[in-house]
Structures are given as C-alpha cells and as structure tokens.
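Structure first, commentary second.
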Amino acid sequence: MTGYAELSALSNFSFLRGASHPDELVFQAASLEQSAVAITDINSFAGIVRGHVAAKEAKFPFIVGVRLGFADGTPDLLAYPENRAAYGRLSRLLTRGKRRAKKGACHLTLADALEFGEGQFFALAPDDPDAAIAALDEIRNAFPKRLWLAASRRFDGADRARLNHFADVAARARVPLLATNNVLYHSPRRRPLQDILHCIREHVTIDRAGRALEANAERHLKAPAEMAQLFADHPAAIEETVHIASRIRFSLDELRYEYPEETSGESATPQEELERLAALGAKARYPNGVPQKVAAAIEYELRLIGELSYAPYFLTVHDIVVFARSIGILCQGRGSAANSAVCFCLGVTSVDPD
C-alpha cells in the first residue's frame, strides 16, 4: 500500500483561511490511513496543541510545522523542527517576526529563517517555481539535504505540465520534489465555508467574489492511493512525504515548564548557592547554635527542593526580598512559606517555624 503524509495543511488558526479545526484534520488523516499529518498554520503554532491532543487520542503520528510567510518576496516556506532544540529556535524566529509587526502580523525575511534554521526540515512552496530558484539555492547551500520543493495540483487542466516544470526546477536545484495537496479543510464539504471565510477576509460579498474563490473543492485531505494517482508521473514526490515524516522525532510531549535561568551567585549551581545561603542564614538566625529539629527540617527541605529543581525559584524570591528591604519596602513571605525553615533562614519569613 502506498504511504503518504500530508505536510501542508492550514487549520482555522490561520484566521479566515483554514476552514477546519486541527482535530478534524488529524482525525480525517487517520481515517484515510495517511502515514502522518502536519498542521502548518501561517506564521503560527496556534493550532498544534489541539492537533497534538487529537493525534494522541487517535494514536496517529503528528508533525509539528509552520508555514513561514515572508515580507521580502520569498515564497512561503514550510518548516518542520526535527527535535526539541529546533522547535525552540523556530519559536524564537516567530517571536522575532511578531515583535517587528503590529498585532496579528508577522514580519520575517529569508535571512531570519536561515539564522534560526538549524535542525529544521524545509519545503519551499512557491506558486511559480521559477521565482523560487534563488531561494532554493540559498537554503540548500545553508542546509544541505534538508530542503524540498513542494508542489500541488490545481485541477485546471495544466497540472501535468506544471508538475513536470516543478520537477525540472527541483532537479536543477538539486533538491527533491515533495507532493502536497495544500490543504485548506479536512473534507470537501467544508469548501462553502472556506469560500465565506475568503469573502470575509477580502471584504467582498460571495456573489461578487468570482474567480478570487478557489476553483474547486479539491483542497482537502486525500487518501494515499488517490495522492499516488495524482502524482503518478512523480512517485518519488509521494515517497518523500513519508521520508520526511520518518525523520522527525519531535513531539510536544517533550515540552516541560522551564524556570527562567537564575544566577548561582558564588556557587557552581543554584542548588549549591541555596544551600550556602541557607547555612549562612541559619547561623544568623540561631547564633547559639541551630537546634537539631531545625537542622533536620532544613536538611529535609533542601533535599526536596533539589529533587524538584526548585532552587532557582527560592533564589529569585530571596533576591526580591533583599532588594525590597534594601530600599525600605516592607516585604514578608506568607502562606505555607511561613512553615519553611529554609524561608526563615533566607529572611523571606520572620517567624521561626519551630
């Protein structure tokens, strides 16, 4: 059986463009027995969490992706992070683009994508492959064996010639051709809704939209056998979708909350610095010697803090308290912190928990 992974699908998080929810795309791809699916919203990761949750429910391979739109005339670039570090770089890239633009917009250039491109798989998705030759060369030179040229059918009678032209450009650029259906919705039944979204976006009534609307209802998820038939002259382009999907190992399950970096002061690690400060504070709080019960509590708390990697948080609170008191601001820890021997030694609380 022919394998196929749809690697270019907009969800409704590409506002007024995609006409299906991320979970609908995932469940439909699974029901069609695709190899995997990627949600690639425009300059946004907004849809990937719902897609990820749906994929876990369906026990279906899900690929995190994004469709990068550029302000410098470069054709759209599909990007798929290979691992956790690459996902972080791609997130930083999107943050840069959004900070440059007004709310709801994103201002990126190809140079930005190349700067954060380590660990990404890229697929350039131009309307006209001739206009993409320079970008293909630049990206390929920067990231060899990590670039594809994405092509899709338009069902307008000229597809064979168009796909052959895409294949020729890909061969000259020394990159593989990649098949996509450039998906806008999970089922052809959503085409009327997609038309309405287009009209809202362009501020035009549907009876006046004319040729600006999609010419057909073909931009939906398709079964692998159908995609293989549509790319019968270029079977390698279908195979490349599975090849990319098999190389991507990143999952949102890898993400965990990460506390911001905290300085370790005079010590090698935040935990060691916390232990040093707690020891100094204990001597100051108990000048006649630390009671055995208190010493046991400090040891227990520090061990638990180390197991939970909470030391940076305690150091942050300590810094706030020290600074506040240095400029005359009343500062007092409260709640469960009042029962902490470590907080008492750090000066965060003022009542001996013993």
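The values are calculated or read from the model by the stated rules, or taken from the named source; none is laboratory data. All values derive from a computational prediction rather than experimental measurement. A quick note on method: Cβ atoms are made from the backbone with ideal geometry, for glycine too, and the neighbour counts reach across all protein chains shown. Calculation scope for accessible area: heavy atoms of the full protein, side chains included, ligands and nucleic acids excluded. Shrake-Rupley method; radii C 1.70, N 1.55, O 1.52, S 1.80 Å.
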(message) Apply the a/c threshold of 1.5 to the C-alpha gyration tensor of the stretch 90-164 and tell me whether it is rounded, prolate or oblate.
(response) oblate
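I need the GluC sites (Glu not before Pro) found in the stretch 254-354, filtered to DSSP loop residues with at most 12 other beta carbons within 10 Å of theirs. Numbers along the way, then the final one.
Values: sites: E254, E258, E261, E262, E266, E272, E273, E275, E299, E301, E307; in loops: E258, E261, E262, E266.
Passing sites in the stretch 254-354 are E258, E261, E266.
Just flag the trypsin sites (Lys or Arg not before Pro) in the stretch 152-210 sitting in loop per DSSP whose Cβ has no more than 13 other Cβ atoms within 10 Å. Don't skip to the end; give the middle numbers.
Details: sites: R153, R154, R160, R162, R172, R174, R189, R190, R201, R208; in loops: R153, R154, R174.
Sites meeting the loop and neighbour criteria: R174.
By the gyration tensor of its Cα atoms, with a ≥ b ≥ c the square roots of the eigenvalues, what is the shape of the stretch 148-212: rounded for a/c under 1.5, prolate for a/b over b/c, or oblate? List each step's numbers first, then the result.
Values: a/c = 2.77, a/b = 2.38, b/c = 1.16.
Cα axes put the stretch 148-212 in the prolate bin.
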(message) Just to confirm, what accessible area per residue do you get for the chain at 1.4 Å probe, in whole Å²?
(response) 52 Å²
(request) For the stretch 180-239 and the stretch 251-290, compute the distance between their C-alpha centroids and round to whole Å. (result) 56 Å
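Nearest 5 percent is fine: what portion of the DSSP beta bridges confined to the chain is antiparallel? Write down the numbers at each step before the final one.
Working: 9 of 23 bridges.
Just about 40 percent of them are antiparallel.
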(message) Starting from a Cα-only point model with no solvent, please compute log10 I(q)/I(0) by Debye for the chain at q = 0.07, 0.12 1/Å.
(response) -0.45, -0.86
(message) Show me the trypsin sites (Lys or Arg not before Pro) within the stretch 60-133 that DSSP assigns to loop and that have at most 16 other Cβ atoms within 10 Å of their Cβ.
(response) K102, K103
(request) Can you tell me the equivalent ellipsoid semi-axes for the stretch 1-159? Use √(5λ) from the Cα gyration tensor, largest first, whole Å. (result) 24, 19, 16
(request) Return the carbon/sulfur percentage of the accessible area of the chain, one whole number, probe 1.4 Å, all protein chains in place. (result) 53 percent
(message) Could you tell me how many cubic angstrom of Cα convex hull volume the stretch 289-354 has per residue?
(response) 86 Å³
(request) Post the alpha-carbon centroid distance, the stretch 297-341 to the stretch 73-99, in whole angstrom. (result) 37 Å
(request) Round to the nearest 10 and give me the degree value, 0 to 90, for the angle of helix 159-173's Cα axis relative to the longest principal axis of the chain. (result) 50 degrees
(request) Could you run the Debye sum over the Cα atoms of the stretch 33-114, one equal point scatterer each and no solvent, and tell me log10 of I(q)/I(0) at q = 0.11, 0.15, 0.20 Å⁻¹, two decimals? (result) -0.31, -0.55, -0.89
